[in-house]
Amino acid sequence: MTAPSRPFEPKNGLIQWVDRQLPIFTVLHGALVAYPTPKNLNYWWSFGSLAGLMLVVQLITGIVLGMHYTPHSLMAFDSVEHIMRDVNYGWLLRYVHANGAAFFFAVVYIHIFRGLYYGSYKGPRELLWMLGLVIFLLMMATAFMGYVLPWGQMSFWAATVITNLFGAIPVVGDAIVSLLWGGFSVDNPTLNRFFSFHYVLPFVIAAVVILHIWALHIPGSNNPLGIDVQGPQDQIDFHPYHTVKDLFMMSVLAVIFFYFVFYDPNFMGHPDNYIPANPMVTPEHIVPEWYFLPFYAILRSVPDIGIFGMTLMEAKLAGVIAMAASLLLLFALPWLDRSPVRSATFRPIMKMLFWVLVVDVVILGIVGAKVPDDIAFSIGDFGISWLIVGQLTTVYYFAYFLVALPLLSKFEKTNPLPESISEAVLPRNAEA
C-alpha cells in the first residue's frame, strides 16, 4: 500500500488516547492528508471527490425525505405533494435530491470517461476499475427505483416498460418479472419493494466506495502521462495541493447545481410525472431519465435477428442482450486494450477514436429521447430516421471496444513517453 509521506503526530491528548486504541485518525491522515499522489494530476482527477460529495448529499436528503414519504400506491403521489407543500423546506430537499441524482450521474460519467482516456483501467488497477463499474451499476439500479417512487405517470409507465424487459430472458424471465412486481402488474407491492431497495442500496454504494478508495491506495493514483512514479520526486502530498483543487471544483459544481435547484428545478424532469399514475392511460412517449438514454437507445436499436426469413431472436431479447453487453464489456476493458501505453496523450489514433466515442455516446443519448420512426435529418428526398442513427451509433460503440482497441494494441505507433513525471512537469534544466 502507498505509504504516507509523513507520520501522524497529534498534539491533542484526547486524539492521542483514541488513536492508540483505535487508529482511525492515523488512517484518515494517511488517506486524506499525507497520501502521496503524482504531482501532475489535473482537474479531471477532482471528479472522484465530486462523486463522493454527491453521494453524501443523496444519502442525507434521501434519509430525511424517507421520513415523510408513504410507499403506498394510493398515497405516494400525495405524500410527495405533502413534502413539497407542508414539510419545512421539503421543496428544497426534494429538488436537491432529484437534481442531485442527475448531477451524481454527470460527475460519474465524466469520471469514467477520464479513466477511459488516461487508461486508468489498466494494470495494476483492474480491480479498482471494476469496483468503480459495480458502483455505477448500483447507481443505475438505485436511480431507476427512485424514479418510480413519485408514482406519477412517467414513473409508473417507466417501471412497467423496464421491468417487462426481464420477461424477454428465456426460462426465468417471467419469474423475475413476477418477483419484481410482487404480483401480476406494477402495483402497490412493486412500489414497496422499490422503496426498500432504493433506501438500502445507497448504503451498499457507500460500502463499495470505501473498497474503491482502498483499492486506489494500494497501487496509487494514475496520472495524465500514464507512467509509473519513479520515486518521491514525482509525488506530492494530497493535502493541501490537491484538496485545494477539489475545493475549487466543488465550488464550481455547487454554483451550477444550485442554479438548477433554485431557478430551473424541473429542467431534467418530465412534466408527465406531475400527473398521478394511471394504469389506464399510456403517455404518448415513454422515456427514462437522461442518464439512461444512451443504453435505452441501444436497447431499441437492435432489430430481430434471423436468417433466410426465419427469426432466431426477437428484437426485445436481442436489445436486452445488447444493452447488458454495452455495460458488461466495460469489465473486460483491461484485457481488450493490451497496449503498454496507458494514456491517450501518447496514442494519436486512440485519442481521435476516443473523442468520436464521446460524440457517439452523446448522440445515443439524443436518440434515446426521440421517437424511433421520426426523421432525424434528410438527404435530398431520402430521410434518415432516429432508428437508423441509433443503429449506426450502437455499431460504433461496440466496434470501439471490441475491434478498435484490440487492433490498436497491436498496430498503433505511439509517441515516446517521458522518463519520469518530473521530467515532463519541470523544465529540463531545473533541479528536482
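Derivation of every value follows stated rules applied to the coordinates shown; laboratory data play no part. Nothing here was measured: the structure is a model prediction, and the numbers come from that model. Here the Cβ positions follow ideal geometry from the backbone for every residue, glycine too, while neighbour counts run over all protein chains shown.
General remarks:
- Pairwise centroid distance, computed over Cα atoms, of region 234-283 with region 14-51, Å: 25
- Cβ-based charge dipole, the chain, positive-most Cα from 363, 251, 66: 251
- Considering helices alone, the calculated mean residue ellipticity of the chain at 222 nm is -19000 deg cm²/dmol, with DSSP H runs of length four and up weighted by -39500 (n - 2.57) and normalised per residue.
- Label-point separation, residue 233 to residue 395 (7 Å along Cα→Cβ), nm: 5.2
- Highest mobility in the GNM of the chain, judged by mean-square fluctuation with C-alpha springs under 10 Å and restricted to 388, 15, 379, is found for 379.
- Neighbours of residue 119 by Cβ distance under 15 Å: Lys/Arg scored +1, Asp/Glu scored -1, total +3.
- The lysines within cross-link reach of residue 410, meaning a Cα-to-Cα straight distance under 23 Å and a gap of 8 or more places when in the same chain, are 122, 351.
- Within the straight-line cut-off of under 21 Å between alpha carbons, the lysines reachable from residue 370 are 316, sequence neighbours fewer than 8 places apart in one chain being disregarded.
- Stokes-Einstein translational diffusion, region 257-352 - Kirkwood Rh over all Cα pairs, 0.890 mPa s, 25 °C, in µm²/s: 136
- Rel. contact order, % - alpha carbon contacts under 8 angstrom, at least six apart, region 31-425: 23
- The charge dipole of the chain, taken about the Cα centre with unit charges on the Cβ atoms of Lys, Arg (+1) and Asp, Glu (-1), comes to about 980 debye, rounded to the nearest 20.
- Efficiency of FRET from Cβ geometry, residue 308 and residue 258, R₀ 60 Å, rounded to 0.05: 0.50
- Fully extended contour minus Cα-Cα distance, from residue 200 to residue 356, at 0.36 nm per residue: 52.4 nm
- Region 1-150: C-alpha gyration tensor shape, a/c 1.5 cut-off, then a/b vs b/c: oblate
- Three-way shape label, region 181-275, alpha-carbon gyration tensor, a/c 1.5: oblate
- Along each principal axis, Cα extent of the chain, largest first, Å: 73, 60, 43
- Shape category assigned to region 192-345 from the gyration tensor of Cα positions, a/c cut at 1.5: oblate
- Sites residue 280 and residue 411 - FRET efficiency at Förster radius 51 Å, r taken between beta-carbons, to 0.05: 0.30
- Magnitude of the charge dipole, region 323-376, Cβ model with Lys/Arg +1 and Asp/Glu -1, debye to 20: 380
- The region of the chain that goes longest without hitting one of the trypsin sites (Lys or Arg not before Pro) in a DSSP loop, each with at most 14 other Cβ atoms within 10 Å, is 12-337.
- Cα-based values for region 362-426, radius of gyration first and Dmax second, are 19.7, 59 Å.
- Projecting the Cα positions of 131, 22, 172 onto the charge dipole of the chain (unit charges on Cβ atoms of Lys, Arg, Asp and Glu, taken about the Cα centre) puts 22 furthest along the positive direction.
- Rounded to the nearest 0.05, the FRET efficiency derived from the C-beta distance between residue 16 and residue 211 at R0 = 45 Å is 0.95.
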